[in-house]
Structures are given as C-alpha cells and as structure tokens.
1. For segment 75-110, give me each residue that is closer than 17 Å to Val34 by Cα and either in contact with an Asp or Glu (Cβ under 7 Å, 6 or more places away or on another chain) or of a type outside the set (Ser, Thr, Tyr) (or both).
2. Conditions first: (1) at pLDDT below 90; (2) closer than 27 Å to Gly54 by Cβ; (3) part of a loop (DSSP other than H, G, I, E, B). Gly343 passes all but one, so which condition is the exception?
3. Can you tell me which of (1) more than 22 Å from Tyr327 (Cα to Cα); (2) exposed (fewer than 13 other Cβ atoms within 10 Å of the Cβ) is the one Pro397 doesn't meet?
4. Could you check segment 117-138 and list, in sequence order, the residues that are surrounded by 15 or more Cβ atoms within 10 Å (Cβ to Cβ) and touching a Ser or Thr at 6+ places or on another chain (Cβ under 9 Å)?
5. Where in segment 88-140 are there strands (runs of 3 or more DSSP E), lying fully within it, with 1 or more residues that are hydroxyl-bearing (Ser, Thr, Tyr)?
6. May I ask you to verify whether Ile71 is modelled with pLDDT of 80 or more and in contact with a Cys (Cβ under 9 Å, 6 or more places away or on another chain)?
7. Residue by residue through segment 28-83, note down the ones that are of a type in the set (Phe, Trp, Tyr) and not in a strand (DSSP E or B).
8. Scanning segment 346-360 for residues that are assigned to a loop (DSSP other than H, G, I, E, B) and touching a residue at least 24 places away in the same chain (Cβ under 8 Å), which turns out nearest to the chain's Cα centre (by Cα)?
Amino acid sequence: MKRKLTALCLALVLLLALPVSVSAAVSPEVRNSVVVVRSCMALETSQVISFGWGTGFFVNDQYLVTNFHVISDFVEYGSGELVPLRFDDMMVRGRAKIRIHFDSADYVEAFVVGYDEIKDIAVLRLDNATTKRNALKLKEPTEDMVGSTIYAIGYPGLAEDILADSTTSWGENDSTVTSGTISRLFTQSGTGQRNVQIDCDIKHGNSGGPVVDESGAVIGVATWGISNPEQESMHYAVNVAEVIPLLNQYNVTYTIADAADSAVDGATLSNAGLTYALIAGAVVIIAGVAAAILLLRRKKKPSAPIVPVTPAPVKRPSIRSYSKANYGVRVQLSGQPVMIGRGSGCAMRFPQNTPGVSGSHCTVQWDEAASDFIVTDLNSSYGTFLMTGQKMAANVPYRLRAGDKFYLADQNHVIGLELE
C-alpha cells in the first residue's frame, strides 16, 4: 500500500510539474553576444596565415572572454612581436594577431589582457568599445542547477562546411545554438579546474563560447568534448567561477545575474499567473508527503551509504589540422596508427585536389607508455616536415611531444599534436 501511495505521489509531482518545465528559447540578445575569435599570422609579404578560430562572448562593451587554446598560437608565435618563420621554403617575418569577427568581412583587432593556460580561459580587449554586440551577465552554477536546461552558443567548424552553402558566415545570425542539461559539477584532479559536464554537443569552433542558463546568464565557457569508438561522448565547459577571478585581477567590469533574473524567461511565466503559484504549492505539499513516506521506509531498510568517487584525469591525445583544406578536423588517437592523406582509408582525410598531400601521406600513433606521438612518413611524394624545416626520412618513426606540430609538403598543411 505504501509503495503504491509513494508511486502515486511521485507521479502527481511529475504530472503537475510538466506545465512549468517547458524551456524558453534563447533570446536574440544572447546570440548577439558572441563573435568569432580568429588567430592568424600577418606576413611582411601581405599574406595572412590563419591558425584557426573559436568563439568569444562579451562581458562589457569592450572586453570579451574565450578559451586560452583559441589564442594559444598567438602566444606561441610571439604574442604580436615581429618574428621570423619559414613559409613557402623561404624565411619571412610576421606578426601574430587576434581578429574579432562581427561577420566574415567585418573584423577588428583584439589584444590579450590576461589568461590562465591551466584553467583554459583568456580575457581580450578591443581598442575601442563596440555597440555591435551585447554583454552577457555571469552566474556561478550550483548543485541545485544539475539537470536544468542550458544552451551552448558558438561558431562550430562544421557549420561552415561548404556543403551547407550558406550565403553568410560568422555574422550575428550565423551562430548556432545547441541545447542540453547540466549533468554534474566537478573539480578536475591535479589542475583544480572547476568544470561543468553538459550533454549538449560541443564541436571545434564552439570553444570559448558561452554556455547559458534559460535566463541567458553565462554559467560556463564551452571547452572540449571526448568520445570513444562506441560513439559515446561527453562535453565540458569551464565553470564561470574560474572566469570571475581573472576579470577581477585585471579590473574588468562585468555584471552578475541576481535573483531577479529568473531561470525561466519571464514571458513564459507571465501567462501562468496564479495557476503557477497554485500548482507550485500543490507540488510542494505532495512532495512533502512522498518524502515522509520514503523516510519511513528507509528507517525499516537502511540503504548503503553513497561514497563519492573522484574520476581520474583522462588523457586525450589527438591530432588537429591547421590546413585551409580541412581546417579544424580533429582525430582522437589510441594505440593504433592513424593515417593522414587523401585516400578513403585515412582517418584525417584531405580533399582529393589538395596540392602536395599524397593518398597515404603519413601515420601518427600515440605511445601511452612514453607519452609520445610517433609520426612516420609513408614515402610521400612531397615529404613530411618538422616545423624546423627538416624533412622526415621515409618510413622512419619520429617521436614528438604534445604541443609539437609538423606539416605535409609545405606549411599550408600544418598538423598539431595535442594532449589535454
């Protein structure tokens, strides 16, 4: 009898809660807060080499936040200082730059205010305030928000696929929105980084974009996702609690979402009025009855204590393409070699008309015991090179470390080795 009563009470709770659990859509103001953050190298020859892009969001009319890894190439290549580098088999000089795109043709330069490489966050500044984007409020997520609806906004690379044939790109209305829920909040072992695990899809290009609650307040910065051969995936955002200290450190103004900022859009609730209040009261009463019955049952049959388990940090070796031919393609590595080239059997595949890249150009393998990446040229027509310009001998394995890069044929086809 008690079991049936408990089930009935819980069913009523769920039933009565349904009318108020409908999520509000992301408002245009939230989508109008994000921009493309692009790092590139401007050469003295007037050529521009693109390192890649991610997403950023404004916290006021002049300052914005993104991931550190979105601007890491800018830092690696001199942070804007004039530096020498090899390009098209000759030595040239250039400056790394960060460009903020309001659309594909409208951009301004941004400057690094500060960053935390371990926490993977960075703060950027425009030379002048802008009215082209809105600023978002910040809100530290709490445990009672686990299970609540969230949205990730950004410019994932797949959205720019040529097959999509969009008439515009990187503009205000070109940002994509994916919805999901907060799965859990946790602190990463070793780094102490506070993260938010979410179940909405995060792809390359989303990095640095805001993850917002239903009121449009930022609760995290979209960062990375992992998947296994069974196509199971998990996605993560850096908790906004890591962003706030960095903003404070550099005296960057921002706004915290207060209690008046409802977790559900006010327009959604305005039509509910008194009905919502009555339903909420009924839910509370019935939930109380159900909780009391469950408590009595637990006294008769005590349950085993739940012991929290801290997950071990997961190494995620991968390769990433910086080539314009397939920019942003990322392949997770395991203990088996993966092939790079134009052939159909390649895990990282280049288009058939890519100059200099062979059908089976090279392989990359992760050596977990040594924490090394093993790169082997497969007797390619135009060679595989270290970033120093040294050509790899065919069929000879070369050991590289996380953070290293190499290129196929020329520096238009750079491959990065990553371990996060």
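The values are calculated or read from the model by the stated rules, or taken from the named source; none is laboratory data. Just so you know, these numbers come straight off a predicted model, no measurement behind them. All Cβ positions, even for glycine, are placed from backbone atoms using ideal geometry, and neighbour counts span all protein chains on display.
1. Step one: of segment 75-110, the residues closer than 17 Å to Val34 by Cα are 98-110.
Within segment 75-110, Ile98, Arg99, Ile100, His101, Phe102, Asp103, Ala105, Asp106, Val108, Glu109, Ala110 qualify.
2. Status for Gly343: all satisfied but (2).
3. (2)
4. Listed by number, the residues that qualify are Lys119, Asp120, Ile121, Ala122, Val123, Leu124, Arg133, Asn134, Ala135, Leu136, Lys137, Leu138.
5. Numbers: elements: 90-101, 107-116, 121-126.
It comes to 107-116.
6. No, not satisfied.
7. Phe68, Phe74, Tyr77 - these are the residues of segment 28-83 that are of a type in the set (Phe, Trp, Tyr) and not in a strand (DSSP E or B).
8. Filtering segment 346-360 for residues that are assigned to a loop (DSSP other than H, G, I, E, B) and touching a residue at least 24 places away in the same chain (Cβ under 8 Å), the one nearest to the chain's Cα centre (by Cα) comes out as Phe350.
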